[in-house]
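Here is the structure we will look at.
Read-outs throughout are calculated quantities, based only on the coordinates presented, and are distinct from any laboratory measurement. The model shown is predicted, which means the values in this text are computed figures rather than measured ones. Backbone-built Cβ (ideal geometry, glycine too); neighbour counts: all protein chains shown.
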Amino acid sequence: MKKIINLKNNILRNIFFFFFLIIPLFLSPFKVSAEVSKTELNGEMINASSEFLRDLDYETWQLVAYRSSMNENKLVLRLIGYPGSLRIDHPLNLNVQSGRKAWLLEDVTQLNEMLLNDKRQAAVEFDLEELVQGITQNRPLRLSLPGVFSELPVPPFLVKEWRSIN
């Protein structure tokens, strides 16, 4: 009799564990988002969205969106590649596509003294203001930088972060 009660308790414990601990892990979606946080950039603390993404050639890029005091407080996108593996010549405009819409973002790296004096030349900045004002929904984007990478997919959660920077 005692073995049967222990067996029932073990079965009930396993059922409880399965239904209340394991299944909710699979049913609840994982929160995936970049975060706008205080970051030191250009020698000052600012709100910025930062995320690492891979292009279609599996190269990793850091994308940082922030309001630049050097560029009339406009929204700026900084693309940073792995130092030493590439050199980015300026000016170089960024092609952005979202479905049928397309934008050509202006290279504003030359307004940033710190980037101009950086000998690694692995970062470039673009005026993101026009793009963010032209987007009404958080749709995925495709970035391309001629001579640097052919396509860098940007997920909707990151577009939402860019739009939320104030």
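The value for the stretch 51-151 of Rg(Cα) / (2.2 N^0.38 Å) is 1.04. Here 89, 55, 118 are placed in order of increasing Cβ neighbour count within 10 Å, fewest first, which gives 89, 118, 55. So if R0 is 35 Å, what FRET efficiency would residue 59 and residue 136 give, r being the distance between their Cβ atoms, rounded to the nearest 0.05? With R0 = 35 Å, the Cβ-Cβ based efficiency is 0.70.
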